[in-house]
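The values are calculated or read from the model by the stated rules, or taken from the named source; none is laboratory data. None of the values given here were measured: they were computed from a predicted structure. The accessibility values were calculated without ligands, DNA or RNA, using every heavy atom of the protein model including side chains. Shrake-Rupley method; radii C 1.70, N 1.55, O 1.52, S 1.80 Å.
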Amino acid sequence: MKKSLIVLFVICWYSAAVNAQNCTSGDCANGVGTYVWESGNTYTGSFKNNKRDGKGVFTWVDGTVYSGDWMQGVKTGSGTNKYPDGTIYIGEFLNNFMTGKGTYTLSNGFSMKGTF
């Protein structure tokens, strides 16, 4: 029993230490902060239970930017995806997918509005 408690403590400590190293500012557990992954991707916004939750901006190293609602770590709600080529989607998301009403605008200006 004592050994298993020690193992559990070490796992929890390691998890908190890794999260703290990547949290460059604020509270990335339950609050507002900035988290940077080893890949270079960044998220600035609200966190709940160590997950992106609420409003926030996620920037991928390739230049793609999502700004909008998050729920339990995934894009869910209203948001905007801007891609490096100039394409933009503004609308609804569910579990990281464009779902519901939105507008998809290509870099050449052609726009499609509807339900995705």
Percent accessible area from carbon and sulfur atoms, segment 18-104, protein chains only, probe 1.4 Å = 54 percent
Gain on full stretching of the segment that runs from S111 to V65 - 0.36 nm per residue minus C-alpha separation = 14.7 nm
For segment 47-110, with every protein chain kept in place, what is the accessible area per residue (1.4 Å probe, Å²)?
-> 57 Å²
Note the full-extension length gain between N50 and T103 as 0.36 nm times their separation in residues minus their Cα-Cα distance, in nm to one decimal.
-> 16.0 nm
